Amino acid sequence: MEVKHKSTKVPQLKNSIIRQLYFEKSLSCSELSALFKKSLPVIIKNLNELIADGYVEEVGFASSSGGRRPLMYAIKADAIYIVAIAMDQLYTRIAIVDLHNKPVAEIEMVELSLNENAQALSQLIQHINNSIKKTGIDKRQILGIGIGMPGFVNVVEGVNYSYLSSGEQNLTQHIFSATGLPTFIDNDASIIALAEQKFGVARSQLDTMVINLGWGIGLGMIVNGEIFRGHDGFAGEFSHIPLSEDGTLCVCGKKGCLEAEASMLVVTEKAIEGIKQGRISSISSFIDDPIKLMGDAIFDAANKGDQFVIELLSDAGYKIGKALAILIHIMNPQTIVLSGRGAKAGNILLAPIQLALNKYCIPRLAASTKLLVSDLAFDGAIIGAAALVMEQFDYEKITPNIKQAPMEKAI
């Protein structure tokens, strides 16, 4: 029994060290010792083994604060790779990233509609396999696939109840069977919240609401330092907060939902309609282009002072602020982070959101909540998808494959 106990304990410590170095960039032996409550000799022994296996490297000494400078250790960027995928209702981004979350090849963006598309899953799998093949990386050097996607996602069961039907197999098993790589899925807003918690402006925040401003409007919830998903994993359906009784019909079948009134898709549609009715705007040349290009043009134009676009974003921001007032009354968060695609126009959205909070929030509640714009922005979904995989890192499962695989580099 004693041997069995030792054989399971050591890999757990190595897993923890690797994950911690991934999330913290670099740490010293003493910091790891204090973090895991292990002696320095135990930490040093495990670090040396991880260096020998190619996961960890020495990165020099910490900056001086008086006294002897400690030697710092970091995760080795090219030890293994991760397939990080960010999906929305219209487009999918596929990145192969190293352990510093840097893409090793150009991020692929493919048009992949999820609504009423029976071939969406097979198309996704084809794109994944093609993306990996282009890099020239052996699959044995890939830790797994992380996917952030819209819809009602049950992380434990590996199922998306809204999109990507996979028949009798659950979704994660289906993708694993088709790619040979362990697969992990989560709701896109929760993925972005994970990225903000580990690498963004929500670091060290215990109670944070992360708003994913994309074609829809999502909510990732950090409660007491943990991603909160609710009883069935569906918590955070912020986009379907009703703002009015007689508003625009939403895809959910109800009227007046936030998503139907203020999402980036709605802003884009209103921009196109306004230009057709004679409104003057610098984005008029984009109205016949794909919606992605129109959306990007809106953010660029807003940041250059386009009056019509700012008007549209201000209206959306005010409605988002009205919904956030409800959220603040319920959750009393420490921080609200504006993230996702719409964070590109975050500074423009802040003023109308704050105006709505001033009108609809009890001052004592709103006064203690900070409103921040993400510095990860559109990259948050890719970073969060990679972090989702790294949270599942298993030294014993991945190491034999890595040692057998040829050390091929991305091309």
- request: Give segment 183-205 a look and list any residue that's in contact with a Ser or Thr (Cβ under 8 Å, 6 or more places away or on another chain), outside any strand (DSSP E or B) and surrounded by fewer than 24 Cβ atoms within 10 Å (Cβ to Cβ), or say none.
  value: Val201, Gln205
- request: Might you let me know whether segment 287-310 holds any residue that is open to solvent by 20 Å² or more (accessible area, probe 1.4 Å) and aromatic (Phe, Trp, Tyr)?
  value: no
field: Failed condition for Ile227, given (1) outside any loop (DSSP other than H, G, I, E, B); (2) over 22 Å from Thr369 (Cβ atoms)
entry: (2)
Residues located in segment 259-274, provided they are in contact (Cβ under 8 Å) with a residue 24 or more places away in the chain and part of a helix (DSSP H, G or I): Glu259, Glu261, Ala262, Met264, Leu265, Val266, Val267, Thr268, Lys270, Ala271, Gly274
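Look at Leu164 and say whether it is in contact with a helix residue (DSSP H, G or I) (Cβ under 6 Å, 6 or more places away or on another chain), outside any loop (DSSP other than H, G, I, E, B) and open to solvent by 10 Å² or more (accessible area, probe 1.4 Å).
no
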message: Tell me yes or no: at least one residue of segment 66-86 is over 30 Å from Pro11 (Cα atoms) and either in contact with a Pro (Cβ under 6 Å, 6 or more places away or on another chain) or hydroxyl-bearing (Ser, Thr, Tyr) (or both).
response: no
- request: Could you tell me which residue of segment 206-238 is surrounded by the fewest Cβ atoms within 10 Å (Cβ to Cβ), considering only residues that are closer than 22 Å to Lys344 by Cα and of a type in the set (S, T, N, Q)?
  value: Thr208
- request: Write out, first by first residue and then by second, each pair whose Cβ atoms fall under 9 Å of each other, whose residues are 6+ apart or on separate chains, and whose first residue, in segment 336-351, is closer than 22 Å to Val223 by Cα and of a type in the set (Ser, Thr, Tyr) while the second is open to solvent by less than 10 Å² (accessible area, probe 1.4 Å) and in a helix (DSSP H, G or I).
  value: Ser339/Ala189; Ser339/Ile192; Ser339/Ala193; Ser339/Ala195; Ser339/Glu196; Ser339/Gly346; Ser339/Gly380
query: Are there any pairs, at least 6 apart or on different chains, whose C-beta atoms fall under 7 Å, with the first in segment 313-326 and in contact (Cβ under 8 Å) with a residue 24 or more places away in the chain and the second assigned to a helix (DSSP H, G or I) and open to solvent by 40 Å² or more (accessible area, probe 1.4 Å), and if so, which?
result: Tyr318/Leu355; Gly321/Gln354; Gly321/Leu355; Lys322/Tyr360; Ala325/Tyr360
query: In segment 311-335, how many are more than 23 Å from Gly220 (Cα to Cα) and open to solvent by less than 10 Å² (accessible area, probe 1.4 Å)?
result: 0
- request: For segment 144-161, name all the residues that are of a type in the set (Val, Ile, Thr) and without any contact (Cβ under 8 Å) to a residue 24 or more places away in the chain.
  value: Val159
- prompt: Of all residues in segment 383-411 being modelled with pLDDT under 85 and among the small types (Gly, Ala, Ser), which is nearest to the chain's Cα centre (by Cα)?
  reply: Ala410
query: Residues in segment 239-258 that are buried (at least 24 other Cβ atoms within 10 Å of the Cβ) and assigned to a helix (DSSP H, G or I): how many?
result: 2
task: Take segment 356-384 and flag every residue that is farther than 14 Å from Gly200 by Cα and part of a helix (DSSP H, G or I).
output: Ala356, Leu357, Asn358, Lys359, Tyr360, Pro363, Arg364, Leu365, Ala366
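The values are calculated or read from the model by the stated rules, or taken from the named source; none is laboratory data. Just so we're clear, the structure is a prediction, and the values are computed from it rather than from any experiment. When we count neighbours, we look across all protein chains shown, and the Cβ atoms used for this are built from the backbone with ideal geometry, even at glycine. Side chains included, ligands, DNA and RNA excluded: accessible areas come from the protein's heavy atoms. Shrake-Rupley method; radii C 1.70, N 1.55, O 1.52, S 1.80 Å.
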